[in-house]
Each structure stands twice: as C-alpha cells, then as structure tokens.
Amino acid sequence: MTRLYNDPVNFVDEATEGFVAAHAQRVCQVPGGVIRSTRSEPGTVAVVIGGGSGHYPAFAGLVGQGLAHGAVMGNLFASPSAQQVYNVCKAANNGAGVLLSFGNYAGDVLHFGQARERLIREGIPCEIVAVIDDVSSAGREELHKRRGIAGDLTVFKIAAAAAEAGYSLEEVVRVSRAANLRTRSMGVAFDGCTLPGSKDALFHVPAGKMAVGLGIHGEPGISEQDVPSADDLAELLVSHLMEEIPDGIGSVKGAKASVLLNGLGSIKYEELFVVYRRVNQLLTEAGLEIVEPEVGELVTSLDMAGASLTLFWLDEELERLWKAPADAPAYRKGSLEAAPPIDASALDIPDVDAIPPASEASIAAARCLYQALSATRRIIDQKVEELGRLDAIAGDGDHGIGMQRGVVAAELAAEDAVSRSAGAGTLLRMAAEAWSDRAGGTSGAIWGVMLNALSVTLGDDDDPTPADYAEGIAKAKNDVMAFGKAKLGDKTLVDALAPFSEILEQAVAAGDDLATAWRKAAEACEAAATATCELRPKMGRARPLAEKSLGTPDPGAVSLSLIVAAIQPVIDR
C-alpha cells in the first residue's frame with residue numbers, strides 16, 4: 001500500500017515539488033507539468049509526453065536531453081487537462097512544432113487532442129502519436145484500440161532522439177509511428193495498487209492466482225491463472241508476444257529487438273532479473289539479436305505487484321535512435337555534453353485568468369449558467385456513490401468521484417467568473433478548463449469538450465436564445481463524437497447525449513421556449529440512459545469486460561441524464 005503522504009488531495013502536487021527539487025539540473029516546473037531546465041536547439045521539434053501521475057518514472061522522469069522536452073502530469077491515474085497540455089507545449093516549444101505522445105486512453109486522446117487543435121489555431125504545428133503496445137487490450141485487427149503500457153518508453157525515446165537529431169516534425173512523426181507499430185507488450189499482476197489515503201487496493205487477485213493482461217491504471221486483467229514460477233512466467237510472456245510478429249519482420253531468426261522487462265511497483269529488481277534470465281534464453285534460442293535491453297521500473301502503477309514484457313522490433317534507423325544518448329532523471333544512456341540552463345523568464349506561459357469584456361446581456365446569462373452549475377454540483381454530490389458503484393461493475397469505479405471533483409472545480413471557477421463580470425462564453429470556458437483539469441480521466445475530458453462547445457457558441461456579446469443553446473448542445477455532441485470516436489450503441493454518454501440534442505433542436509425549431517424544449521429533451525435523455533443497460537461497451541476501459549456491464553446502465557449516460565434534469569428548475573425560473 002501507499003504509506004507516505006500528507007493530505008492525499010495534495011499528493012501529486014507535493015510529489016511534483018519534491019521531484020523538481022531533486023532534479024533541478026534537468027527539469028523545471030511549469031503549470032501542468034515539467035519541461036527541460038536546459039536549452040534545446042532552436043528550430044527543432046519539441047516532444048511532449050504525459051498522462052496521469054502514479055506511473056513514475058513515466059512521465060516526468062523521462063524529461064531531459066535526448067528524451068522528452070516536457071511532460072504533462074495529470075492527477076493519479078487521470079489524464080491531464082487540455083489546459084495543462086497546452087501550457088506545457090507552449091513552454092517547451094522550440095519553433096519547429098510539437099509532437100504529443102501518450103498512452104492510448106480515451107481521456108488522454110480527448111485532452112491532448114483538444115490542446116493540439118488549440119496550438120494549430122495559434123500557428124504551432126502539432127501532431128499526435130498515441131502508444132498502442134498492449135496486445136491484451138484488443139486484437140491485431142483493432143490495433144488502434146489498444147492501450148499504451150510500458151511500450152510508451154520505446155515510442156518516446158525514438159521520437160525524442162529523432163527530434164534531437166534535427167528531424168522535421170513530419171519525420172519525427174514517421175519514425176514514432178514506426179516504433180509504435182513495432183512495439184508489443186503484455187503484463188500480469190499478483191495484486192492491485194492502493195491510492196494514497198485509500199483503505200484498500202483498487203482490485204485484488206485471489207491468493208495463489210495471477211491476473212493476465214492487466215492495464216496500468218488498476219484495471220483488472222482479462223483472465224486469471226495459478227501463479228507460475230519465474231521461468232514459467234517468462235515463457236508465458238514470450239510465447240504470447242512471439243505469436244504476433246509486426247509487419248516488416250521477414251524472419252525472427254537474425255532479427256533485432258530491444259527487450260523491456262518492467263516492474264509495476266512492488267516487484268523487486270532481483271525478481272525481475274530472475275525472470276529476465278529466462279526471457280533472454282528463450283529469445284536467443286529463437287534467433288533474436290537483443291539490443292540494449294532494459295530491466296527495471298519503467299512505467300509503474302504505484303505499488304502494484306506485477307510486471308510486463310515488451311518487445312521492440314528494430315530496423316537500422318530505429319536501432320540508431322534507440323542507442324542515441326539520453327540524460328533524464330530516470331533514464332540515462334551514453335554520454336552527452338551538458339546543455340546550458342534555460343532562461344525561465346523567457347518561457348511562453350499563457351495567462352489563463354484574463355477576463356475579456358462582455359455585454360450586459362451575456363453577463364446576466366453567465367449568472368444563470370453559474371446557477372445551473374450549482375444545481376449540477378448538488379445532484380452529483382447526492383449521487384456520487386451510486387455513480388461510482390455503476391462504474392466499478394466493469395470499470396475502475398472512479399466516475400462518481402471524478403465527476404464530483406470536476407463539478408466542484410467548475411462551480412468555483414464559475415463563481416470567480418461571475419464575481420469579475422465575465423460573459424457567458426468566458427464563464428463556460430473557465431468552467432470547462434477547471435472541470436477537465438480537476439476531474440481528469442475520460443469524464444473530465446468529455447465535460448471539458450461539452451462546456452467548451454457551449455462557450456464557443458454562446459460567446460460574450462449577445463443574450464443567448466433557445467436556438468443558441470440547441471446549437472451549442474449539438475456542437476457539444478459532435479465534438480465529443482469527433483474527439484472520442486464514440487458512436488450510438490457504443491454504450492457511452494453519447495447514447496444519452498445524441499437523443500437529448502436531437503429532441504432539443506426539434507422542439508426549439510417547432511417554437512417551444514427553452515424550458516419546454518429542455519423538459520422534452522431531458523425525458524428523452526433519461527430514457528436513453530436507462531436503455532444503455534442492454535448494451536455492451538465498445539469503447540474505453542469497460543470494453544474488455546463487456547459481459548460484466550450487461551444489465552447495468554452506462555455511468556456517463558446516467559450522470560448526464562441526472563444533470564440535465566437537475567438544471568430544469570433553473571431554466572424554469
């Protein structure tokens with residue numbers, strides 16, 4: 001269990017403060033994460049990585065010369081917000097564009113995607129490579145659905161070495177994608193991890209059993225079996241990974257690969273070396289030439305008892321980039337001449353607190369929107385445990401607490417906006433950033449997307465009409481579907497949001513006032529949310545455990561239906 005902490009709420013902030021103090025010669029803190037404290041070559045690509053905290057040395061420990069230029073750090077096991085990603089990218093930018101790389105999780109995809117769009121609008125080229133190395137999370141025919149685990153390191157290292165060598169953004173993307181498609185990983189666990197302040201682990205594995213195919217956020221494995229010997233574990237992992245040779249590998253015999261044996265938090269280095277002894281024997285017997293392997297903690301999950309094996313299949317270019325020197329707090333190889341320190345005063349860090357002018361009508365609308373957020377906070381406070389229970393059936397059980405963290409932050413941001421005479425658009429933008437920043441995870445990303453869509457539609461100049469609200473909800477639906485790739489029938493919030501938007505648009509077009517139209521749409525939303533109990537999830541962390549969720553409605557759809565119903569009295573006034 002996690003034993004050393006003060007207030008669990010401050011765990012990530014205090015850990016970051018201590019990390020930066022310990023490694024000031026390599027990293028410095030900026031809003032949302034860390035960047036190199038040494039100068040990079042002007043006119044080169046910046047590689048920015050990130051994800052939730054709790055995985056050290058990923059992600060902050062991989063920032064430094066020859067490795068990442070910056071790392072965005074979300075809350076424990078929660079994706080960072082779009083604002084955090086944007087802040088780190090602005091500070092890390094060297095003038096030739098930014099490559100964003102992270103594990104392929106829905107919340108990360110949404111938040112990093114939002115930040116990318118914002119950077120591009122400002123004239124900063126930006127591309128994304130989401131890591132997809134975990135063979136247990138989807139079949140070979142659905143590579144794009146796989147999640148990223150310890151294979152994060154291979155993609156990050158190749159991207160950063162290419163940027164350091166002066167590759168263009170297009171070329172950095174090319175080699176990063178090549179590394180991604182040539183990386184395969186599989187993990188096992190003997191017991192779950194414990195969040196600071198929690199009384200028990202996120203999950204347990206029965207005594208004498210091993211969970212196979214787990215993720216790095218506390219998700220349980222997809223199957224269980226008896227705990228094997230070290231040699232038998234090596235044979236299990238190697239055999240699974242050797243069943244899927246990436247395209248472009250003509251023959252295993254004579255091929256080159258790097259091997260990563262990763263401890264997830266509680267497995268000691270000596271145990272890993274015992275396992276690696278047999279891994280090395282098996283791969284060598286198969287005719288594979290192993291190039292600069294890594295054994296140790298690379299991507300962890302707090303104190304999880306488990307390990308993963310990664311095979312990174314090399315070609316000549318990837319081998320050269322893999323061997324290139326690096327000097328980061330938690331990963332060093334070769335020799336580099338130390339770069340001079342950066343001038344912290346020259347960093348481009350956005351001012352997110354400015355309040356633009358607004359019309360009196362928009363300021364009045366902002367006060368109503370603040371009341372709607374207060375009503376949202378009250379209903380989530382009442383239902384937080386129930387939402388967590390629904391999510392725990394086939395997920396990690398954090399939906400309720402994530403929604404609560406998000407809406408509390410959004411309400412506080414809205415209160416601040418109202419006190420400073422912000423317009424409706426600005427209030428919603430500030431609430432969106434606060435929600436996604438504090439909640440993290442998929443729900444934080446989705447609610448950030450939706451509130452941002454309303455923000456853009458309503459603006460700060462006019463008194464919003466019912467048609468404006470209907471248009472804003474439609475944009476929110478379209479943006480969520482575009483960023484998250486969810487469709488009707490995937491058992492997500494979209495299954496409730498789409499009918500809500502459709503009925504609202506129809507009622508407003510027919511001449512209903514907003515209160516009447518909202519009531520009709522809210523009824524359709526509630527019915528659709530209830531109907532999700534008949535669906536199997538096709539997206540997110542619940543997908544591998546789809547059968548368990550049958551008979552239970554989607555928690556995201558349920559929380560949306562609760563919120564739109566709770567807002568009705570505010571609209572009726």
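The values are calculated or read from the model by the stated rules, or taken from the named source; none is laboratory data. Everything numeric here is computed off the predicted structure, so don't read it as measured data. When we count neighbours, we look across all protein chains shown, and the Cβ atoms used for this are built from the backbone with ideal geometry, even at glycine.
Tabulated results
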read-out	value
Failed criterion for GLU292 (all others in (1) of a type in the set (D, E, K, R); (2) assigned to a helix (DSSP H, G or I); (3) surrounded by fewer than 18 Cβ atoms within 10 Å (Cβ to Cβ) hold)	(2)
Number of positions in the stretch 307-360 that are assigned to a helix (DSSP H, G or I), closer than 20 Å to VAL48 by Cβ and outside the structural domain of ALA91 (by TED's automatic domain parsing)	2
Per-region count, the stretch 403-428, residues crowded, with 24+ Cβ neighbours inside 10 Å, within 21 Å of PRO356 (Cβ to Cβ) and not hydrophobic (A, V, I, L, M, F, W, C)	3
Any strands (runs of 3 or more DSSP E) falling wholly within the stretch 1-68 and containing at least 1 residues that are among the charged types (D, E, K, R)	33-36
Residue in the stretch 185-192 that is over 26 Å from ALA138 (Cβ atoms) and not in a strand (DSSP E or B) present	no
Any hit, the stretch 497-505, residues being without any contact (Cβ under 8 Å) to a residue 12 or more places away in the chain and of a type in the set (Gly, Ala, Ser)	no
Boolean, ILE379 is in contact with a Leu (Cβ under 7 Å, 6 or more places away or on another chain) and aliphatic (A, V, I, L, M)	yes
Residues of the stretch 190-232 that turn out to be touching a helix residue (DSSP H, G or I) at 6+ places or on another chain (Cβ under 6 Å) and either hydrophobic (A, V, I, L, M, F, W, C) or surrounded by fewer than 20 Cβ atoms within 10 Å (Cβ to Cβ) (or both), as a count	4
Scope the stretch 201-223; condition modelled with pLDDT of 80 or more and over 18 Å from ILE267 (Cβ atoms); matching residues	PRO206, SER223
Conditions (1) at pLDDT below 95; (2) surrounded by fewer than 18 Cβ atoms within 10 Å (Cβ to Cβ); (3) aliphatic (A, V, I, L, M): number failed by ALA467	(1)
Among residues of the stretch 31-66, those that are under 24 Å from LEU110 (Cα atoms) and over 19 Å from the mean Cα position of the chain (by Cα), counted	2
Matching residues in the stretch 237-289 - criterion: being part of a loop (DSSP other than H, G, I, E, B), over 24 Å from LEU321 (Cα atoms) and more than 28 Å from the chain's Cα centre (by Cα)	GLU243, ALA286
Residue match in the stretch 146-159 (condition: among the hydroxyl-bearing types (Ser, Thr, Tyr), buried (at least 18 other Cβ atoms within 10 Å of the Cβ) and either within 26 Å of GLY43 (Cα to Cα) or not assigned by TED's automatic domain parsing to the domain that holds PRO228 (or both))	yes
The listed residue being within 23 Å of PRO42 (Cα to Cα), touching a Lys or Arg at 6+ places or on another chain (Cβ under 9 Å) and at pLDDT below 80, out of PRO350, PRO329	PRO350
Filtered residues of the stretch 304-351 (kept if farther than 21 Å from ALA165 by Cα and not hydrophobic (A, V, I, L, M, F, W, C))	GLY306, SER308, THR310, ASP343, SER345, ASP348, PRO350, ASP351
Residue selected from the stretch 80-106 under the condition in a loop (DSSP other than H, G, I, E, B) and small (Gly, Ala, Ser), by the criterion nearest to ALA439 (Cα to Cα)	SER81
Only one of LYS256, LYS268 that is assigned by TED's automatic domain parsing to the domain that holds ASP133 and in contact with a strand residue (DSSP E or B) (Cβ under 7 Å, 6 or more places away or on another chain)	LYS256
Tally of residues being polar (S, T, N, Q) and either surrounded by fewer than 17 Cβ atoms within 10 Å (Cβ to Cβ) or outside the structural domain of THR183 (by TED's automatic domain parsing) (or both) across the stretch 271-289	2
Cβ pairs under 8 Å, 6+ apart, first in the stretch 455-470 and free of Cβ contacts under 8 Å to residues at least 24 places away in the same chain, second of a type in the set (Val, Ile, Thr)	ASP468/THR457
Which listed residue, of ARG405, ARG377, ARG367, is assigned to a helix (DSSP H, G or I), in contact (Cβ under 8 Å) with a residue 12 or more places away in the chain, touching a strand residue (DSSP E or B) at 6+ places or on another chain (Cβ under 9 Å) and of a type outside the set (Phe, Trp, Tyr)	ARG405
Criterion (over 15 Å from VAL98 (Cβ atoms), at pLDDT below 95, buried (at least 24 other Cβ atoms within 10 Å of the Cβ) and not charged (D, E, K, R)) met by exactly one of ALA78, ALA82, ALA60	ALA78
Test set (1) over 30 Å from ASP134 (Cα atoms); (2) touching a residue at least 60 places away in the same chain (Cβ under 8 Å); (3) not aromatic (Phe, Trp, Tyr) - ASP327 fails condition number	(1)
Condition check for VAL205: assigned to a strand (DSSP E or B) and in the same structural domain as GLY52 (by TED's automatic domain parsing)	no
Number of the condition not met by LYS383 [criteria: (1) assigned to a helix (DSSP H, G or I); (2) out of contact with any Gly (no Cβ under 9 Å at 6 or more places or on another chain); (3) in contact (Cβ under 8 Å) with a residue 40 or more places away in the chain]	(2)
Where THR492 falls short, out of the listed (1) surrounded by fewer than 22 Cβ atoms within 10 Å (Cβ to Cβ); (2) hydroxyl-bearing (Ser, Thr, Tyr); (3) not in a helix (DSSP H, G or I)	(1)
Qualifying residue in the stretch 314-333 (condition: under 29 Å from LEU233 (Cβ atoms), among the hydroxyl-bearing types (Ser, Thr, Tyr), surrounded by fewer than 24 Cβ atoms within 10 Å (Cβ to Cβ) and touching a helix residue (DSSP H, G or I) at 6+ places or on another chain (Cβ under 9 Å))	yes
Cross-chain or 6+ apart pairs with Cβ under 6 Å, the stretch 22-50 first and farther than 14 Å from GLY64 by Cβ, then buried (at least 23 other Cβ atoms within 10 Å of the Cβ) and not hydrophobic (A, V, I, L, M, F, W, C)	PRO31/ASN87; GLY32/GLN84; GLY32/ASN87; GLY50/PRO80
